[in-house]
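Rule-based calculations on the coordinates, nothing more; no lab input. Values in this document were obtained by computation on a predicted structure and should not be read as measured data. When we count neighbours, we look across all protein chains shown, and the Cβ atoms used for this are built from the backbone with ideal geometry, even at glycine.
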Amino acid sequence: MGIGQSIVCDGCGQPASSEHLAARFRRLEWSTRYRPLHVNTLVLGAVVPENDAEFIYSDATPFSGEAAQLLKATGVDAAGKTAEVIHHEFQRAGFFVVHLLDCPVGRPSGDGGHVRELLSSRLATTFTRIRKSIKPRRLALVGAELDPFVEKFKTEALGCPLILNGDTTFKLHEAAEGIERLRSALALSPAAMR
């Protein structure tokens, strides 16, 4: 590799150090271990959380942030259970969580355009991955950062119904309201959504 060349991570499109790649591979290993054979519901977020305790497939307990909110929304009770038991329950229920960007994004203050550009660059790959690899029975979009792309998801032939909060994504960080809206939507059977 010549001087001035850097590695670009294929999971997020950012320049990648060896630490960045090692963290990505660790998250991939965790999520692959608990991926359901048949994905009932794919929950798609924008950007993987920076903190391992917020990443649903990590071995860090107690879960916090996004991971804790997803467990509440899916009805998986984490109280008094090991991470492995929680992961197995989540897996048996047929839930699988992925993010458009497989790595955290350093967010310069006020620069939402950078994140939106990275997200946009990953759409085609994600659509292909959903259709050809994951093949979920339904797809739920979570996170305000995906709102600008809702129309693209609606018009893309993904082979499954799209679960939305009206015409927007579910906002898990809206306290109990966002979690309850997603929980209610997930309670509907995939067959009832077709």
Kirkwood Rh, angstrom, region 18-193 [1 / mean 1/r, Cα pairs]: 16.4 Å
Checking VAL43, VAL142, VAL150 against a Gaussian network model of the chain (alpha-carbon springs below 10 Å), the top fluctuating residue turns out to be VAL150
Starting from the Cα of ALA144, step 7 Å toward the Cβ, then list every residue of region 30-74 with an amide N under 15 Å from that point. 46-47
